[in-house]
Structures are given as structure tokens and as C-alpha cells.
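Step one of this worksheet: look at the structure below.
The values are calculated or read from the model by the stated rules, or taken from the named source; none is laboratory data. These numbers were taken from a predicted model, which means no experiment stands behind them. Note that each Cβ is placed from the backbone with ideal geometry, even for glycine, and that neighbours are counted across all protein chains shown.
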Amino acid sequence: MSRAPKQSEYHPMQQFLAAFPAVSGNTVNGLGETDVRRPSPFFWHPPDKQTHGRLQAEVINYHRQSAAMREHFDSNPPGGRGPAPVERAAVRIDKPAARWSEELKAFALANEGDDVRITTMKPLYVYEGYALADPWVVLIAVAMDYDELSQAPASFENPTAGVVVAKEYNRASRVSRRLANHILAQGHHAKAWPGPYASALSMMPAAIDAGVGQLGKHGSLIHKALGSSFRLSAVTTDMPLVSDTSEDFGSEDFCLNCQICTRACPPGAIRNDKQLVRGVEKWYVDFDKCIPYFGETLGCGICLAVCPWSRPGTAASLAEKMLRRRERIG
């Protein structure tokens with residue numbers, strides 16, 4: 001891992017601080033709110049639909065000063081971002097929901113996906129100001145190369161950790177767009193949600209309910225096999241499917257006692273206790289502290305790289321260990 005400053009040494013760059021609006025990003029995200037509500041459009045949304053558009057532009061422009069980042073976040077990166085949408089077939093093919101679910105998962109896994117889960121659409125998955133009619137969400141996880149991620153934080157001299165995120169977002173885009181086109185060819189509606197730029201769909205709560213992973217202290221998902229080293233994309237559809245279920249494999253018990261990401265975070269954005277966010281108590285990363293460092297390090301990624309669950313071959317054994325521990329203490 002590249003050398004990151006200690007929390008006492010870190011001072012945010014003025015160009016990012018100057019781009020902050022008057023309202024805190026934590027306020028927009030609902031920190032401290034007691035009522036459950038849908039998320040507000042925020043970072044990675046169109047500038048005219050969010051409060052932090054200027055800051056987002058500053059971060060993007062800074063990242064694009066790196067030729068490697070620019071290449072992989074380009075509209076036509078190496079490997080591409082996947083095919084354009086096809087027209088929905090006029091004839092709708094009908095099959096049992098269980099069979100469609102099996103076929104979609106097999107298709108996605110054969111087209112660059114590493115894990116595929118399904119859940120029913122819920123209002124809390126949709127950002128305020130948007131509407132989604134499709135009743136199903138298909139979540140796709142793609143793994144990041146740990147050796148590349150472990151070089152975080154990225155820099156202009158060594159952008160590897162930032163580039164691997166871009167590469168896997170592009171892979172996630174390809175598989176989601178291919179899957180959406182496959183569904184459209186069967187006469188059903190489908191829309192791909194490739195990431196990282198957001199629109200109507202908030203993928204993380206859907207991914208948790210679908211069993212992709214559990215929320216970690218670092219604010220990202222922990223997958224039972226991939227740890228924190230993966231990216232998400234999704235497809236929404238009206239094709240009849242069968243929902244997967246969320247899975248508790250003990251990562252939250254682990255996070256309660258682990259302080260590795262908390263101590264490793266240079267701006268001190270990760271807390272050891274949960275916060276109330278839009279009526280739900282959960283792990284939450286301080287946006288106002290995180291984003292300046294995220295900006296100047298081409299996407300940071302330290303918390304994902306140091307997470308013990310991310311080490312290759314570790315997550316499954318950690319899950320088994322945590323579940324055995326839970327059984328022992330009753």
C-alpha cells in the first residue's frame with residue numbers, strides 16, 4: 001500500500017474545500033434524521049439534480065489530470081462499456097419465474113459477472129425525484145484485483161488503485177448492458193444501471209436485501225467471498241423472477257470490534273459507532289471529511305484495501321469463524 005498520511009498530518013487541499021456548498025453533505029444524506037425516507041440525489045448525479053455539483057466537477061476534473069484515469073473513465077475505455085440498448089422483442093417469451101432467475105444468473109456469470117442476486121423493487125431503492133416501475137432488481141457484483149487495489153491510495157505517480165476501480169466499473173457496465181439486452185430480446189422490459197454515475201436507482205440497499213453483502217463500517221458492502229473488493233451494477237426488469245434473501249454471515253459482529261479502517265482513514269471519516277441516517281441506525285462515513293481526500297487521491301480506496309475481508313481467500317473463513325463465535329455465545 002502507498003504511504004498515506006496519518007490523521008494528524010492530513011490537511012485537505014483548498015481547491016476542494018472551496019468547492020463545498022453551504023449545506024453539509026451529511027445533512028443531504030440524512031445524518032441524524034429520525035424519519036425513514038428515500039435518499040436524496042447526491043454525488044455522481046447530474047449537477048442540476050444535486051447540491052454538490054460544483055464539488056463533483058472539481059473532483060472529476062482533478063482525476064482526469066491522470067492520463068490512466070482519463071483513459072479508463074473515458075466514454076470508450078479499453079474493453080468498452082457494453083452494447084447500446086436493443087429494441088424489446090415484439091413477442092414476449094413466458095417461462096416460470098424460477099427458470100428465468102436461473103437463466104439470468106447463468107447469463108450474467110458467463111458475461112463477466114462474479115455474483116448475481118435478485119430482489120423485489122422497494123420505494124427506498126429509488127432516489128427522491130425519480131420513479132421506477134419495474135418490479136425486480138438484478139444485482140451484479142464484479143471483483144477487483146486485490147493486488148492492484150492494495151496499492152491505495154492512488155496518486156498521479158501510481159494511479160493503479162484508482163484505475164482498477166474504473167476498470168471494474170466498466171466490466172460491471174458491460175455485463176449489466178448485455179443482460180438487459182438479453183432480457184429485451186425475450187420480449188420483457190429491462191434497463192441497465194451501470195455505475196458509477198447514479199440516476200434513479202440506489203443499488204446498495206437493494207444489494208443488501210438481495211444477499212450480495214452486508215454494510216461494513218467503511219460504508220461499503222462486504223461480500224461473503226469477495227470481501228470489500230468489488231463493484232456493483234444492476235438491471236431492473238418486469239420479467240417474472242424469484243427473490244433472493246439477505247444473509248447475515250457475521251461481518252457486522254466483526255466490524256463492531258475491528259478498527260483497522262477507522263485508524264487507516266487519513267481524514268478520520270470513519271467512526272467506530274453507528275449513526276442514525278434517514279431513520280435507520282447504521283454505519284456511516286462522514287462525507288465532508290472523506291471527499292477531499294477521495295478527490296486528491298484519485299478515489300482513495302484505503303478502507304477497502306485494508307479491510308481484512310478483502311484479502312484473497314479470507315472472507316469465507318472469516319464468515320465461518322464469526323458464525324461459530326455467535327453460536328458459542330448464544
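Here are the numbers:
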read-out	value
R117 exposed (fewer than 14 other Cβ atoms within 10 Å of the Cβ), at pLDDT 95 or above and either part of a loop (DSSP other than H, G, I, E, B) or not hydrophobic (A, V, I, L, M, F, W, C) (or both)	no
Neighbours by Cβ (under 9 Å, 6+ apart or cross-chain): first from region 222-251, in contact (Cβ under 8 Å) with a residue 40 or more places away in the chain and at positive phi; second among the acidic types (D, E) and in a helix (DSSP H, G or I)	G250/E320
Contacts under 7 angstrom Cβ, first residue in region 47-74 being of a type in the set (G, A, S), partner assigned to a helix (DSSP H, G or I), 6 or more apart	G53/P47; A57/P47; A68/V163
Filter pass, P196 being modelled with pLDDT under 95 and either touching a strand residue (DSSP E or B) at 6+ places or on another chain (Cβ under 6 Å) or not aromatic (F, W, Y) (or both)	yes
Counted residues, region 1-59 - those being modelled with pLDDT under 95 and of a type in the set (S, T, Y)	3
Which listed residue, of D94, D134, D114, is more than 19 Å from the chain's Cα centre (by Cα) and closer than 30 Å to F287 by Cβ	D134
Qualifying residue in region 205-215 (condition: of a type in the set (A, V, I, L, M, F, W, C) and part of a loop (DSSP other than H, G, I, E, B))	yes
Scan of region 168-211 for residues that are under 28 Å from D94 (Cβ atoms) and of a type in the set (V, I, T), ordered by number	V175, I183
Condition broken by C303, with the remaining ones in (1) buried (at least 22 other Cβ atoms within 10 Å of the Cβ); (2) touching a Leu at 6+ places or on another chain (Cβ under 8 Å) satisfied	(2)
Conditions (1) in contact with a strand residue (DSSP E or B) (Cβ under 8 Å, 6 or more places away or on another chain); (2) over 30 Å from A185 (Cβ atoms); (3) among the polar types (S, T, N, Q); (4) surrounded by fewer than 20 Cβ atoms within 10 Å (Cβ to Cβ); number of the one not met by S310	(4)
Selected residue (criterion: farthest from the chain's Cα centre (by Cα)) from residues of region 28-37 that are crowded, with 18+ Cβ neighbours inside 10 Å and part of a loop (DSSP other than H, G, I, E, B)	G30
Which numbered condition E87 misses (of (1) at negative phi; (2) surrounded by 13 or more Cβ atoms within 10 Å (Cβ to Cβ); (3) out of contact with any Leu (no Cβ under 6 Å at 6 or more places or on another chain))	(2)
Cross-chain or 6+ apart pairs with Cβ under 9 Å, region 309-324 first and over 15 Å from A143 (Cα atoms), then among the acidic types (D, E) and not in a helix (DSSP H, G or I)	L323/D248
Filter pass, S75 being closer than 26 Å to G129 by Cβ, loosely packed, with under 14 Cβ neighbours inside 10 Å and at pLDDT below 95	yes
Test: residue in region 233-249 that is of a type outside the set (V, I, T), out of contact with any Gly (no Cβ under 7 Å at 6 or more places or on another chain) and closer than 18 Å to A172 by Cβ	yes
Elements of type strands (runs of 3 or more DSSP E) in region 221-293, at least 1 residues being surrounded by fewer than 19 Cβ atoms within 10 Å (Cβ to Cβ)	275-277, 280-282
Residue that is surrounded by the most Cβ atoms within 10 Å (Cβ to Cβ), among those in region 1-27 that are within 21 Å of G129 (Cα to Cα) and touching a residue at least 60 places away in the same chain (Cβ under 8 Å)	G25
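Okay, residues lined up against (1) more than 19 Å from the chain's Cα centre (by Cα); (2) surrounded by fewer than 23 Cβ atoms within 10 Å (Cβ to Cβ); (3) not polar (S, T, N, Q):
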{"position": "S101", "(1), (2), (3)": "yes, yes, no"}
{"position": "A108", "(1), (2), (3)": "no, no, yes"}
{"position": "Y127", "(1), (2), (3)": "no, yes, yes"}
{"position": "V138", "(1), (2), (3)": "no, no, yes"}
{"position": "M144", "(1), (2), (3)": "no, no, yes"}
{"position": "E157", "(1), (2), (3)": "yes, yes, yes"}
{"position": "A166", "(1), (2), (3)": "no, no, yes"}
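Each row is one residue, and each column tells you yes or no for (1) under 19 Å from Y293 (Cβ atoms); (2) not in a loop (DSSP other than H, G, I, E, B).
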residue: P41; (1), (2): no, no
residue: D48; (1), (2): no, yes
residue: E58; (1), (2): yes, yes
residue: N61; (1), (2): yes, yes
residue: Q65; (1), (2): yes, no
